[in-house]
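> Here's a structure for you.
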Amino acid sequence: MVFKRKKAGKEEPEAPEEIIDSGVIEASGEETAEESARFAVEKPHIEKEEPLPEGSDSNSSLVSAGAESLRETAKAELNSSSPKGLKAGLALSRKVLSRPFAKAAVKKAIDPSFWAEAEEALIAADAGVDCSAVIVQKAKEIVIEEGVKSLEGVREAFRKAVVETILSSGTPPSLEGPKPRVIFVVGVNGVGKTTTCAKIGYIFKSAGKRVIFAAADTFRAAGIEQMEMWAARVGAPVVRHKAGGDPAAVVYDCIERALAKDIDAVVVDTAGRLHTKKNLMEELSKIWRVAEKKLTHSPLGILVIDATTGQNGVNQARIFSQALKVDMIALTKMDGTAKGGVVLAIGKELKIPVGFVGVGEGLGDLRPFDPVEYAKALF
Ligand code: GDP
């Protein structure tokens, strides 16, 4: 073992044809008040009632329980250090979702075709077929309940529907936990695992905590070197073995080291080769068990999914969940994808909350996921 310290439904009864509104129409900013008064929101037709998730109303706590001190520190740090926000990262997805609104602004009406197009746009943004239908349904309900009569009001209804949908899939746990916090970062090759390990380490470092990396992707020699390089950038030590070594032994040694040195967090980079799926899952289960035995508490499992792969991520989450406890998802490469709706599909279908989103390749580009910020960035 080499231990290297690196420096470096309901039928709507007799809906009126038109409801005239005097609200402000955001999408057509040049209109006069008189023109905007001609904007019409037809009462949406609802196929069937879908009960809203318990406790999810517009006043419910919109910041996840995971957004505790460490996440908050990271957020403050990142807000000041990174120019890239979720809004910039979701620009392409927003473009796709804004089309039905742009059309409605031209037509000066929200008619049945608007709802169909909004659903199609959500599907195009990879929110998933079922989830897209649920969001449109919720938005319609909000429009009826709140008597929404402006385009901006409809937009806000969609934002609320998105937040409700996300909150119904749970809230991510905090990165903080009993010492040492052992964080498994798993996912298929190329999704951004190693980079995400480094970014998580950087969050701990930024909060004044001590962190150590475990280079447990022993399958690829380059994987170990890559982890070392990132560890040097973060300025944290890394435990590595030879390429081809037993990843469970790396994790064992790393946790020992953390316990001996009173280190706050152990971030474990794991292998992600998919062609030997069964072996990989067995290996992950094994190293997880080894970690559990060395600790008096459970490790934290973070599944990294590449947002650009869209719905494939849902399948990956299903497979990895069978091997270990996936507590939350880190969705990478949100910058430069029009598939940002996949956050919704994953939450809805798998009930796994998204805890972080990657919006770039830099150390400061992993952002705590905030459903409200996300909804505002989409609509
Ligand atoms: P791994 O094989 O899963 O460990 O993936 P890597 O960490 O090696 O990352 C693969 C590529 O994705 C690298 O070029 C990273 O810089 C890039 N990457 C990781 N996260 C992000 C992100 O949030 N945004 C962008 N644009 N690129 C990312």
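Derivation of every value follows stated rules applied to the coordinates shown; laboratory data play no part. Remember, it's a predicted structure, so these values are computed and weren't measured experimentally. Don't worry about glycine lacking a Cβ; one is built from the backbone with ideal geometry, like all the others, and counts go over all protein chains shown.
> Too long at a 25 Å Cα-Cα cut-off: which of Lys43/Lys339; Lys103/Lys160; Lys261/Lys293; Lys242/Lys333; Lys242/Lys286; Lys193/Lys351?
Lys43/Lys339; Lys242/Lys333
> Between Ala243 and Glu117, what's the calculated FRET efficiency when r is the beta-carbon distance and R0 is 51 Å? Round to 0.05.
Efficiency at R0 = 51 Å is approximately 0.45.
> Can I ask one more? Can you pull out the trypsin sites (Lys or Arg not before Pro) in segment 290-379 whose DSSP state is coil and whose Cβ has at most 15 other Cβ atoms within 10 Å?
For trypsin sites (Lys or Arg not before Pro) across segment 290-379 that sit outside H, G, I, E and B with at most 15 neighbouring Cβ atoms in 10 Å, the list reads Lys325, Lys351.
> Starting with the highest mean, order 362-371, 104-113 by the number of other Cβ atoms within 10 Å, averaged over the residues of each peptide. Before the final figure, lay out the partial values.
Values: 362-371: 22.6, 104-113: 16.8.
Ranked by mean Cβ neighbours within 10 Å, highest first: 362-371, 104-113.
> Among rounded, prolate and oblate, which fits segment 216-287 when a ≥ b ≥ c are the square roots of the eigenvalues of its C-alpha gyration tensor, a/c under 1.5 means rounded, and a/b larger than b/c means prolate?
oblate
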